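The block underneath contains the structure these notes are about, expressed in structure tokens.
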Amino acid sequence: MPDRPEVTAVEIARLAGVGRAAVSNWRRRHADFPRPVGGTDSSPTFALDEVASWLRGQGKIAELPLLERVWQLVETLRDPAGHPAAPLVQVGAVLLLLHRDPDRWSALAAEPDTRLATALPRALAETASGAFGDGAAALRLPGLLGSTQLDLARLLAELAAAAGVPGAYEQLLTRYAEANTRQLSPTPPEAADLLAAVAGVPATVLDPATGLGALLLALPPTTGRYGQDADEVTGALARLRLALHTPAADPGPLPLELRAGDALRADGYPGDTFEAVLCQPPYNERDWGHDELQFDSRWPGGLVPPRGESELAWVLHCLAHTRPGGLAALLLPPTVATRRAGRRVRAELLRSGALRAVVALPAGAAPPYGVPLHLWVLRAPRPGDDFRQVLLLDAASTALPAGHSAVPAAAEAEGGRDKVRWPELRRTVLDAWHAFDLAAREGLPLPADRPGVHRTMAAIDLLDDETDLSPTRHVPPAAPVGGAAELAHLSGRLTELLAGLADPGSLLPDPAVPTAQPAAAAGPVVTVGELVRSGVLEVHSSGAGAPTRPAGAGPSGTPVLTDQDVIAGNPPSAVLDGSGPAGDLRTRPGDVLVPALGTGAARVVRAGGPSDGAALGRQLHLLRPDPAVLDPDFLAGQFRSTAATRRAASHASTTARLDIRRVELPRLPIAEQRLLGAAFARLAGFESALHQAAGLAHTLTQALTDGLATGTLAPPGRS
């Protein structure tokens, strides 16, 4: 265990907001750059205090960010021979004390270290016991704290004051998940919220593959929440995470029980049933216990899932723990619906009436982000229930931007999560499922099919040699846009847009008029950092941004702009979720929004526009100029230029992170800035009109193509 925090080159790059290549250059060019103190020749580590001192001396950072200081102390506590997440259990226990008994922490913090080292562990154990009862023993809290642990506790109090107690733990869990992607791929909150909404408001819920507890976290705190995870430390993290997101008004034990163990091999709840079971199980497990579970009671009629179908074993496990009439919802790979080896199990789920819906989600909805997962919804059969219909829903195309493939190329796979339009996806899935489920439970007529989106099929019609349950195979293509009148309307709108684009004078500056100052680009320049120091410009950076939920997922709230909204030119796609402090910063007219990644995008906030009054999401810079000295459109135009952003960006791999304060602007009088700003604004409007025309053209041509293919439209020349 290192006696002081160490950092890698990647972490140094994160501290300074540059690429890893820049760190390599510093090591070669600067003789005083700190020497490695550990690691290997190919991946050395450096003393954090030495690195921070050097960066400050070079003017590359003003101060080590609080989150980074906390994380490096957490890294110091890691035992190379132990579980990498074990220190986060101690972190969570300290935050739990801050959450449930802040007055006690305040009293302890005033004590000298010698007393705090023995008093704090006792306080942590008592708080954990009050929250979890006998389950507190699973946390394995230390009986005596060292100086590093005490320093960490005090820094955690600072971080909790800045980000809120739940927010502080979320930031640290995110850092841990990013560093351990092969061991941990947590379900994102949007996907967890979707599964919870499908389940409704059950009194008791089980997640047999809990992970970090994202699915249980999406449920109301009053729900009886039960879980199991094969990794005991990960289960402890989930326990603490759920406790930190539960209001501290009631100091009693939480309605929460998490057990350790492999749920397939060592079921933690044998014979128990719950009103709902939610799960994103591990995928493609070969050694899931096929041989030793041949006669397990969870397999209906003794139908053992094939060795290569571990996901179907999880489906049957979840169904076995769902009480009659209750619901089970699982996120599964699309191959589970088609693989020939699993045909008999799929057929049994259809014959029994358990399988109620298969929903195709877009790639990016949940990890692995390059795979378009399926959502399976089941109801445990009740005696006498003869309902045998299945809802097949293709929600992939409804939740991606126009013209974007539902199955992205490999190069886009990891970035696919940012392309999912969660409000549309949520609305499509829940509207179709709730209408179908209500009809099934109340004996009402089933909702009409919607071509291109969903179709209801009798189970017997799906029972064939393949029993393929892929929605895309069975849902008919969308009908052409309705009728000649609507097609004519679309054509008219497109013609009008194209006519405007064909007149450069309406949107573009006149390229025939030479610039008044051809040497302006080579003349005096000023950096954004210098403008900030002179008081002409304010710069605010969002970092991880305010805690959000998708717009449309629950009550309306303060809109939140993300970097992807700015890049795509879309209105805010999320709202504040209220789980942590959002800060007081809101956009106002004249602000300029710039993504932290050097994408060449920038947007000016207009009065009364969709971005006016929004909070900042992740990875955004907000620039607030004094309009009497610095024109906002001129500023945004400079940020959209290739040269300015290229010089100020650090390039590593396929991403370029923008060092906002290094961006250079020409020194121009305000009158000339406004003249240039007006031209920049016209260009931005031209680009927006192009995007709108492209989307409209795609809709129109697809409608015409579908109409000709289905025979509802006749080709020109046919009478």
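The values are calculated or read from the model by the stated rules, or taken from the named source; none is laboratory data. For clarity, every value in this text was computed on a predicted model and none was experimentally measured. Please note: Cβ atoms are built from the backbone with ideal geometry, for glycine as well, and neighbour counts cover all protein chains shown. These accessible areas exclude ligands, DNA and RNA; they are computed on the full protein's heavy atoms, side chains included. Shrake-Rupley method; radii C 1.70, N 1.55, O 1.52, S 1.80 Å.
Things worth noting here:
- Taking the charge dipole of the chain about its Cα centre, with +1 at Lys and Arg Cβ atoms and -1 at Asp and Glu Cβ atoms, the residue from 143, 709, 160 reaching farthest to the positive side is 709.
- Summing Lys and Arg as +1 and Asp and Glu as -1 over all other residues whose Cβ lies under 13 Å from the Cβ of residue 673 gives a net charge of -2.
- For 259, 339, the ranking by accessible surface with the largest value first comes to 259, 339, using a 1.4 Å probe.
- Taking a Cβ cut-off of under 15 Å around residue 698, the surrounding Lys, Arg, Asp and Glu residues balance to a net charge of 0, with basic ones at +1 and acidic ones at -1.
- Take every pair of alpha-carbon atoms less than 8 Å apart whose residues are at least six positions apart; their mean separation over the length of region 189-305 yields a relative contact order of 28 percent.
- Projecting the alpha carbon convex hull of the chain along each direction and taking the average yields 38.0 nm².
- Over all other residues within a Cβ to Cβ distance under 13 Å of residue 132, the charged ones net out to +3, with Lys and Arg as +1 and Asp and Glu as -1.
- The accessible area of residue 46, taken with all protein chains in place and a 1.4 Å probe, comes to roughly 0 Å².
- When both region 209-243 and region 358-385 are represented by their alpha-carbon centers, they are found 20 Å apart.
- Think of a 1.4 Å ball rolled over the protein heavy atoms: region 31-113 then has 46 Å² of accessible area per residue.
- Contact order for region 242-382, expressed relative to its length and based on alpha carbon pairs under 8 Å spaced 6+ residues apart, stands at 23 percent.
- Helix-only [θ]222 nm of the chain, DSSP H runs n ≥ 4, -39500 (n - 2.57) each, per residue, nearest 500: -12000 deg cm²/dmol
- Computed about its Cα centre, the charge dipole of the chain is approximately 960 debye, with only Lys, Arg, Asp and Glu carrying charge at their Cβ.
- Rounded if a/c under 1.5, otherwise prolate or oblate - region 270-336, Cα gyration tensor axes: oblate
- Measuring nothing but how far apart in sequence close Cα pairs (under 8 Å, 6+ apart) lie, relative to its length, the chain scores a relative contact order of 9 percent.
- The chain - percent of accessible surface contributed by carbon and sulfur, probe 1.4 Å: 53
- Mean Cβ count within 10 Å, highest first, over the residues of peptides 102-110, 562-570, 313-321, 351-359: 313-321, 351-359, 562-570, 102-110
- Taking N as its residue count, the alpha carbon Rg of region 61-132 over 2.2 N^0.38 Å: 1.25
- Protection proxy ranking of 21-31, 165-175, by the mean of other Cβ atoms within 10 Å over each peptide's residues and highest first, is 165-175, 21-31.
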